[in-house]
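**Student:** One structure, pasted below without further comment.
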Amino acid sequence: MGISRFITALAAISLAFGGIHASAQDNVYPDKVKALFEKTDALETPGFSDVPIIAVPQCSKAASLVASIQKQGAQAVIIPETLDGPALREMAAQWDGAAIPEGWVKERSTFSILFYKAVTDRNIPHTGTSTLSKEIDNGLMRYDAALENIGVLTKKAKTFKKAKYLMDNILSIDAHGDLPCCYEDGYELGLRQHNQISLQKMQEGHLSSRVLISYQRQGPLDDASSLKAIAKCDGIIDEILADIDKNKAWCGLAKTEEDALRLKAEGKKAFFLGIENGYGIGNNANNVKHYAERGVVYITLSHLYDNAICHSSTHSADTTLGLTEFGRKVVSEMNRYGIMVDVSHTSSGTFWDCIKYSKAPIICSHSGAMAVFKHDRNITDSQIRALAEKGGLVMTYIVPNYMRPDKKNATIDDTMEHLLHCIKVAGIDHVGISCDFDGGGGGWGLNGDNDVINLTVRLLEAGFNDEDITKIWSGNFFRVLKAVRDCAD
């Protein structure tokens with residue numbers, strides 16, 4: 001869906017829910033203030049303004065920083081040191097940049113630390129470093145160092161402002177998140193802790209929605225173990241639904257693009273269900289219908305090991321082998337009930353069998369380009385082209401082990417390199433983003449939901465227009481989901 005069509009759809013849903021941003025003219029005010037309110041509203045520029053708001057902390061250098069900012073044509077706001085952490089965090093949502101004096105962030109200055117945290121949580125471009133801020137950046141795996149001057153800051157802030165506006169006016173989806181694997185550690189959607197996925201971080205990164213995964217390791221294939229696998233898969237889905245319900249004031253379950261649009265119009269985040277490893281289907285293909293009824297949008301056929309459905313790309317007896325007879329039945333049932341066939345983690349033989357046997361488009365929910373880095377978790381150019389020809393898509397991740405020779409230092413640049421290569425091979429209509437957070441994903445500059453705004457900044461800097469970025473962030477995913485469901489019986 002293009003950005004113009006999205007805004008129209010979002011506006012229609014917003015009106016259906018009574019509107020989310022009523023203007024002064026929609027309300028009845030006393031005569032003494034009505035004219036003033038209407039005059040003020042008339043002065044507002046509709047749509048996007050590229051004048052960035054640059055925050056300046058209250059300090060001895062505030063006046064000179066404000067003067068420099070105004071000289072660059074930006075708007076400066078001085079932030080009082082009386083504000084606490086929550087107030088700074090809330091206010092930072094309006095900032096497009098921050099001018100911080102060199103060396104100002106210090107250990108014994110609570111205001112400087114909280115101010116810097118508000119900036120870093122939202123990846124706001126800024127000037128000024130200190131020993132402490134560099135240590136903070138290192139701990140947060142922030143990729144970009146502080147900008148060198150106000151001129152550079154203003155330019156970056158304009159792009160950041162545009163990125164925020166775009167993300168707020170389109171649907172965005174990260175299609176693979178393993179937060180449910182962290183439930184046993186006490187993490188959940190409503191807690192902003194060490195987990196990379198949370199409602200707070202989604203808000204800070206301007207991410208609309210994501211797929212939460214019911215994952216389990218491969219186990220024995222006997223009937224008793226198979227029944228346990230089904231129960232575990234269902235149990236994890238139950239946990240996900242309970243987590244969503246616990247935080248229902250801020251989020252909801254989505255099964256369709258329309259659900260996600262409705263939730264966004266309500267100011268909520270949308271969560272879809274996915275299954276990683278077809279082991280959870282058990283030895284009965286009829287379970288595909290059960291998971292479709294629960295709202296599962298895709299199933300990754302295998303994980304690191306071969307299973308009853310197919311061969312894996314990693315610890316496989318033979319990666320040239322593909323779907324089993326049972327696996328072909330599973331794919332047929334997934335086509336029948338409108339669940340996307342996901343071939344990430346599968347062998348090359350499985351990939352080509354799915355291209356052959358699936359009546360609907362297929363996806364790689366979280367993979368990379370073999371041409372960029374040779375690894376069994378990545379796919380070749382011929383596979384990328386085949387996905388596109390079948391109407392599917394490949395969604396790139398940031399998993400250090402799979403992206404570059406130096407496994408410890410994956411950055412947002414690596415994600416961009418894989419993504420840009422896939423775009424070059426498949427075209428703009430067949431790519432997406434799927435970071436694999438809380439499941440091994442994360443790197444410098446892209447280490448949590450709050451960092452995904454950086455991808456939009458990079459896409460804008462690479463010259464992509466609004467329509468292209470909308471396709472990458474959600475348009476392609478929902479097009480494929482609709483196509484798969486249109487193919488269903």
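The values are calculated or read from the model by the stated rules, or taken from the named source; none is laboratory data. Just so it is clear, the model here is predicted, and its values are computed rather than measured. So basically every Cβ, Gly included, is an ideal-geometry build from the backbone, and we count neighbours across all protein chains shown. In case anyone asks, the SASA skips ligands and DNA or RNA and just uses the protein heavy atoms, side chains included. Shrake-Rupley method; radii C 1.70, N 1.55, O 1.52, S 1.80 Å.
**Student:** May I ask you to list pairs of residues, at least six apart or on different chains, whose Cβ atoms are under 8 Å apart, with the first in the stretch 66-83 being closer than 19 Å to Asn149 by Cβ and the second being among the polar types (S, T, N, Q) and buried (at least 18 other Cβ atoms within 10 Å of the Cβ)?
**Tutor:** Ile69/Thr154; Gln72/Thr154; Gly73/Thr154; Ala74/Thr154
**Student:** Has the stretch 268-275 got at least one residue that is in contact with a helix residue (DSSP H, G or I) (Cβ under 7 Å, 6 or more places away or on another chain), in contact (Cβ under 8 Å) with a residue 40 or more places away in the chain, open to solvent by 10 Å² or more (accessible area, probe 1.4 Å) and assigned to a strand (DSSP E or B)? Walk me through it before giving the result.
**Tutor:** Keep residues of the stretch 268-275 that are in contact with a helix residue (DSSP H, G or I) (Cβ under 7 Å, 6 or more places away or on another chain), which gives 269-271, 273, 275.
Narrowing the set further to residues that are in contact (Cβ under 8 Å) with a residue 40 or more places away in the chain leaves 269-271, 273, 275.
Next cut, open to solvent by 10 Å² or more (accessible area, probe 1.4 Å) only: 269.
In the following step, the residues that additionally are assigned to a strand (DSSP E or B) were identified as 269.
Yes, the conditions are met somewhere in the stretch 268-275.
**Student:** Do we find a residue being modelled with pLDDT under 95 and open to solvent by less than 10 Å² (accessible area, probe 1.4 Å) anywhere in the stretch 184-205?
**Tutor:** yes
**Student:** Quick one: is Val211 within 29 Å of Ile453 (Cβ to Cβ), of a type outside the set (Lys, Arg) and open to solvent by less than 30 Å² (accessible area, probe 1.4 Å)?
**Tutor:** yes
**Student:** Okay, next question. Can you give me the ranges of the helices (runs of 4 or more DSSP H) entirely in the stretch 126-232 with at least 1 residues that are under 13 Å from the mean Cα position of the chain (by Cα)?
**Tutor:** 150-168, 199-205
**Student:** Pick from Gln193, Gln203: which is touching a residue at least 24 places away in the same chain (Cβ under 8 Å), among the polar types (S, T, N, Q) and on the phi < 0 side of the Ramachandran plot?
**Tutor:** Sole residue among the options that is touching a residue at least 24 places away in the same chain (Cβ under 8 Å), among the polar types (S, T, N, Q) and on the phi < 0 side of the Ramachandran plot: Gln203.
**Student:** Across the stretch 76-125, what is the number of residues that are among the aliphatic types (A, V, I, L, M), in a loop (DSSP other than H, G, I, E, B) and open to solvent by less than 30 Å² (accessible area, probe 1.4 Å)? It would help to see each step written out before you state the result.
**Tutor:** Step one: of the stretch 76-125, the residues among the aliphatic types (A, V, I, L, M) are 76-79, 83, 87-88, 91-93, 98-100, 105, 113-114, 118-119, 124.
Next cut, in a loop (DSSP other than H, G, I, E, B) only: 83, 100, 105, 124.
Checking the rest, the ones that are also open to solvent by less than 30 Å² (accessible area, probe 1.4 Å) come to 100, 105, 124.
The number of residues fulfilling the criteria is 3.
**Student:** Name the residue, out of Tyr279, Tyr291, Tyr298, that is open to solvent by 10 Å² or more (accessible area, probe 1.4 Å), outside any loop (DSSP other than H, G, I, E, B) and out of contact with any Pro (no Cβ under 8 Å at 6 or more places or on another chain).
**Tutor:** Tyr279
**Student:** When the stretch 465-489 is examined, which residues are found to be in a helix (DSSP H, G or I), farther than 20 Å from Lys390 by Cβ and free of Cβ contacts under 8 Å to residues at least 60 places away in the same chain?
**Tutor:** Of everything in the stretch 465-489, just one residue is in a helix (DSSP H, G or I), farther than 20 Å from Lys390 by Cβ and free of Cβ contacts under 8 Å to residues at least 60 places away in the same chain, namely Asp468.
**Student:** Taking the condition crowded, with 18+ Cβ neighbours inside 10 Å and not acidic (Asp, Glu), does Ser133 pass? Please lay out each step first, then the result.
**Tutor:** On the way: crowded, with 18+ Cβ neighbours inside 10 Å: yes; not acidic (Asp, Glu): yes.
So Ser133 fits the description; yes.
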